[in-house]
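The values are calculated or read from the model by the stated rules, or taken from the named source; none is laboratory data. A quick note: this is a predicted structure, and the numbers were derived from the prediction, not measured. Note that we place each Cβ from the backbone using ideal geometry, even for glycine, and neighbour counts take in every protein chain shown.
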Amino acid sequence: MSSDATQRPLTPPDPLDSPSVSSKNDASAIATALHVMSTERAALAHLEHLYQNDARAQQDLARAVDLIAHTVRAAGKLVVCGVGKSGKIGRKIEATMNSLGIYSAFLHPTEALHGDLGLVRPNDTMLLISFSGRSPELLCLLPYIPTTVPIIALSSHTQPDACPLLSLHGPLGMGVLLPAPIHEEEEASLGVSAPTSSTTVALCLGDALAIATARKLHTDPGRGPADVFRSYHPGGAIGAAAAAAGATPSTTPSSGVSTTAFDSPSSSISLPWEDFSNGSSIPPFTLQQPPEHRLIPLDMLVPLDQIPTASKSPASDIRLLDILLTAIQHPTAKSWVFLSDSELVPPRRIRSLLSRHTDVDLLVSDAVAQDSGRPLSVSRANWFLVAESTPLAELRRLVSTSRDGPDPISVIAVVKDIASPDSCIGVMEAEDLWSG
């Protein structure tokens, strides 16, 4: 590099003085673009300064690298999760991790609550990305994440106990905070609150995490991060460059599963009768009850004594965030929450409300008013009492019939004795009758 280049100022020249600017409109557009670049450069400098000088940030970054490397070595994976622009950043981080041989998968939190939660295994680690640290979709997901799964939160928070994503999951100290603050609010910088500096900082920190983890994970001679990356990138310019250099990309490492485990169906299913001739090896056979006699699945019920009450008093002061935090702190309640002794909020109503209101500081009363008075809770007087001996088919028929009336059944309370409401075993949502 020439001496002239090394002495150039970092601040770009005023575009109005540039001879290449053809009009005033062009000058305005270029000035705006340069201001955005300068702002995001300042945000990255702020992030770099934090990790250069803050011992806690350095410690947590090292912990995050160790966690991910340990997880991958133990045949687990990194599950990346986020919504909105944070979700898009998460997908890029996931792609970078996989290209470096760090087994990763992206999980959309809304889809997770509709079946994709099966992606998460007890030996995985999760990376949650949320600038605010309290995205409703992520908070709703937390009660269903195994407590064995460590949480890494990439957020603007600088203290773990101030980040709801960490303070409400698993044992204290199990989570790791990766602070990603920005030097000033985006609206103050650019006049619009669109994620710009915050997503740039998050992406940079994700790249740093990926490269540092790859160097921690891939230490064998001839299989360093660069070798692994080339082996997973046989196409495009990178693959062409590797081929030209004579470095033939290696194939994906074998899983070690023998093909003999996948013989023809006849060899694995057809068994000689003499293997069972003494009767001792015959597997037990259980006669299933006819569907019309099957009873209510009691394992789907949530006992009332396990359902927490939102802590705010009076109930009119309860925010959506209070309900979320209460649900997260009591995972055995499966997201059921009492607003008061007589008002119960079912999980599906919580999720429905959050899908319509993204401001978690909104009062429940205001949210209900904005929804044309659609109630959030179900009064105890409106619970549908049913005896535990009621056949499942009969209960389904009653619930289906109620859907055509003015008051469809929502909360089902299963009792030992229909004449004694206090003998309630637990509650379930009407929709759960068809989930099993």
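In the range 362-385, the residues that are over 13 Å from residue 411 (Cα atoms) form Cβ pairs under 7 Å with partners that are exposed (fewer than 15 other Cβ atoms within 10 Å of the Cβ) and not charged (D, E, K, R), at six or more places apart or across chains, as follows: 365/316; 368/375.
Residue selection: residue 103 fails the criterion of being more than 20 Å from the chain's Cα centre (by Cα) and among the hydroxyl-bearing types (Ser, Thr, Tyr). On inspection, residue 190 qualifies as more than 16 Å from residue 328 (Cα to Cα), surrounded by fewer than 23 Cβ atoms within 10 Å (Cβ to Cβ), among the aliphatic types (A, V, I, L, M) and in contact (Cβ under 8 Å) with a residue 60 or more places away in the chain.
Scanning the range 52-77 for residues that are crowded, with 16+ Cβ neighbours inside 10 Å and either more than 25 Å from the chain's Cα centre (by Cα) or closer than 15 Å to residue 182 by Cβ (or both) gives a single hit, 57.
Against the condition surrounded by fewer than 24 Cβ atoms within 10 Å (Cβ to Cβ), under 11 Å from residue 126 (Cα atoms) and not charged (D, E, K, R), how does residue 100 come out, does it pass? Here the answer is no, as residue 100 does not meet what is asked.
Filtered by the rule that a residue be touching a Phe, Trp or Tyr at 6+ places or on another chain (Cβ under 7 Å) and part of a helix (DSSP H, G or I), the range 336-373 gives a lone residue, 347.
Inspect all residues belonging to the range 303-317 and state whether any of them is within 21 Å of residue 145 (Cβ to Cβ), in a loop (DSSP other than H, G, I, E, B) and within 22 Å of the chain's Cα centre (by Cα).
no
When you scan the range 59-69, do you find a residue that is at pLDDT 95 or above, more than 14 Å from residue 152 (Cβ to Cβ) and assigned by TED's automatic domain parsing to the domain that holds residue 148, even just one? No.
When restricted to residues that are within 20 Å of residue 352 (Cβ to Cβ) and at pLDDT below 85, the range 301-320 contains 1.
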